[in-house]
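Notes to accompany the following structure.
The values are calculated or read from the model by the stated rules, or taken from the named source; none is laboratory data. These numbers were taken from a predicted model, which means no experiment stands behind them. Virtual Cβ from ideal backbone geometry, glycine too; neighbours counted across all protein chains shown. Calculation scope for accessible area: heavy atoms of the full protein, side chains included, ligands and nucleic acids excluded. Shrake-Rupley method; radii C 1.70, N 1.55, O 1.52, S 1.80 Å.
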Amino acid sequence: MMRLTDRHFKFDWITIILFLLLVSFGWLNIASASHTGDSLNYFDFSQSYGKQLIFIFLTFGLIVILLAIDAKFYERFSSVIYILSMLSLIGLFLFGKNVNGATSWYAFGSFTIQPSEFAKTATALAVAKHISDLNTNIKVFKDQLKTFTIIAIPALLVLLQNDTGSTIVYGAFFFVLYREGLPKYYLTIGISALITAILALKFGAIFTSVIAGVLIFAFYFFNKKKINFFQSLFILMLSVGISFGVKFFYESILKPHQQDRISLWLRLEKDPAKLEQMKRTFAYNLNESEKAIRSGGFSGKGFMEGTRTTGKFVPEQHTDYIFSTVGEEWGFLGSSFVVILFVLLILRILHLAELQKSQFSRVYGYGVASIVFIHFLINIGMVMGLIPTIGIPLPMFSYGGSGLWAFTILIFIFIKLDSNRINEW
């Protein structure tokens, strides 16, 4: 029998180094986005870069704790962690602090913490625990429904707190379920529904319904693998329902600022004068971000030499729009470097996930990679104007203790699970 002293742990230093590079480069850009052209005191803890330095320092202590805990602890107590995390989200409705319209923070004096950031890790653990259970078969609808419920509860709680960006992140778990055997028709339905919704907003519900009907008719009569008439009718009714439903949701449920963001993205406004007014009013952050990135050119203006960054043209540049600092001061080369670091980190985690002997560790690893990927994709896409503006930070890069610690916990739990791989039989 293997004694406790015989156990071996080997941490994946490639993942750790990629993490540290992102944190370090992120801090440099936070410092640059915070200064105003004067000399910079790196240890001025009243400034955001000074506070972030404290967060980073505390992160190393957090890493030591995470790696010191027995790997099996995370699996055994995943349900308890999930329940406590959901209670912390519910508590926000009673004790939460409203910041920028979202009740997503607990305030302790001048210090605030955002439990929705940590809920992603708790959900990843809970999903991994449920799917790896011997009685769970993700191909069975009953077990699919249970899994969807585990994901939907935190997503709904976060949505009710008016934090749409964090809610969207829970869609990342689709990749996890797909890897574990979720039927492919879910992917088809999801992509079709998304395309239908976008077309309905852009061209109208009636036009989209007609197009859907023509496509279904053509598929029914000309495809060799025919679907029956009632399936075709159901798909048509579903398409029509989505077309009219998304229009109602857009006009009657979404708040004005959310409507404006989508309208600008899809260019729904036909009046040029009003469109220009909307750009100046509602897309100011995006326009200034795009200008800052374009001004960086190929090699950038240099560290702390960005005129638009120093002039504070981009609001919230040290948080959600931190990538615009990279674009202006480090140019295409620096931006590519950041993108490559994130891609390497995600691919490395996926590679390690596939090496796991435990299904729990594999599922959790895919959850980590998927969450980081969604954050990375949405944030950079938002900053560059490729997708609607959504308040979501760039992992390990944007300013904030909650985000940094949440991603530290998310990633280093997996590093600990991976280190225990040699001890699993």
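Kindly indicate whether PHE207 is under 19 Å from VAL246 (Cα atoms), out of contact with any strand residue (DSSP E or B) (no Cβ under 8 Å at 6 or more places or on another chain) and without any contact (Cβ under 8 Å) to a residue 60 or more places away in the chain. Here the answer is yes, as PHE207 does meet what is asked.
Does LEU333 fit the bill of being surrounded by 22 or more Cβ atoms within 10 Å (Cβ to Cβ) and more than 30 Å from THR136 (Cβ to Cβ)? Judged against the criteria, LEU333 is not a match. Residues that are surrounded by 14 or more Cβ atoms within 10 Å (Cβ to Cβ) and over 24 Å from LEU404 (Cα atoms) within the range 294-304 comprise SER295, GLY296, GLY300, LYS301, listed in sequence order. Just name the residue that is surrounded by the fewest Cβ atoms within 10 Å (Cβ to Cβ) out of those in the range 79-122 that are within 20 Å of the chain's Cα centre (by Cα) and on the phi > 0 side of the Ramachandran plot. Ranking the qualifying residues of the range 79-122, first place goes to ASN100. For PHE73, are the conditions met, namely being aromatic (Phe, Trp, Tyr) and within 25 Å of LEU394 (Cα to Cα)? No, not satisfied. One residue stands out among those in the range 293-311 that are over 15 Å from GLY381 (Cα atoms) and assigned to a helix (DSSP H, G or I): the one that is farthest from the chain's Cα centre (by Cα), which is THR307. Among the residues of the range 1-33, the ones that are at pLDDT 85 or above and among the acidic types (Asp, Glu) come to 1 in all. Residues of the range 349-368 that are within 18 Å of the chain's Cα centre (by Cα), in contact (Cβ under 8 Å) with a residue 60 or more places away in the chain and open to solvent by 10 Å² or more (accessible area, probe 1.4 Å): TYR366 alone.
Among the helices (runs of 4 or more DSSP H) confined to the range 147-263, the ones with at least 3 residues that are within 28 Å of MET384 (Cβ to Cβ) and modelled with pLDDT of 85 or more are located at 164-169, 173-179, 185-203.
For beta carbons closer than 6 Å, sequence separation of 6+ or different chains, a first residue in the range 297-317 that is of a type outside the set (Phe, Trp, Tyr) and a second that is open to solvent by 50 Å² or more (accessible area, probe 1.4 Å) and assigned to a loop (DSSP other than H, G, I, E, B), the qualifying pairs are THR310/GLY37. The set of residues in the range 378-400 being in a loop (DSSP other than H, G, I, E, B), of a type outside the set (Gly, Ala, Ser) and more than 25 Å from LEU20 (Cβ to Cβ) consists of MET384, LEU386, ILE387, PRO388, THR389, ILE390. Of the residues in the range 312-320, at least one is in contact with a Pro (Cβ under 7 Å, 6 or more places away or on another chain), among the β-branched types (Val, Ile, Thr) and either assigned to a helix (DSSP H, G or I) or modelled with pLDDT under 85 (or both).
One line per residue, one yes/no per condition, for (1) loosely packed, with under 15 Cβ neighbours inside 10 Å; (2) within 30 Å of GLY101 (Cα to Cα):
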site: ALA124; (1), (2): no, yes
site: LYS129; (1), (2): no, no
site: SER132; (1), (2): no, no
site: PHE141; (1), (2): yes, no
site: PHE175; (1), (2): no, no
site: THR188; (1), (2): yes, no
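For the range 373-388, the condition of being out of contact with any strand residue (DSSP E or B) (no Cβ under 8 Å at 6 or more places or on another chain), open to solvent by 10 Å² or more (accessible area, probe 1.4 Å), closer than 30 Å to LYS72 by Cα and free of Cβ contacts under 8 Å to residues at least 40 places away in the same chain holds for at least one residue. Taking the residues in the range 237-269 that are of a type in the set (S, T, N, Q) and farther than 21 Å from VAL383 by Cα as candidates, determine which candidate is surrounded by the fewest Cβ atoms within 10 Å (Cβ to Cβ). So the residue we want is SER252.
Considering the range 270-293, and only residues there that are among the small types (Gly, Ala, Ser) and at pLDDT 70 or above, the residue that is surrounded by the fewest Cβ atoms within 10 Å (Cβ to Cβ) turns out to be ALA292. Select from the range 65-99 the residues that are of a type in the set (Ser, Thr, Tyr) and touching a residue at least 40 places away in the same chain (Cβ under 8 Å) and write down the one among them that is farthest from GLN359 (Cα to Cα). Filtering first and then ranking leaves SER85.
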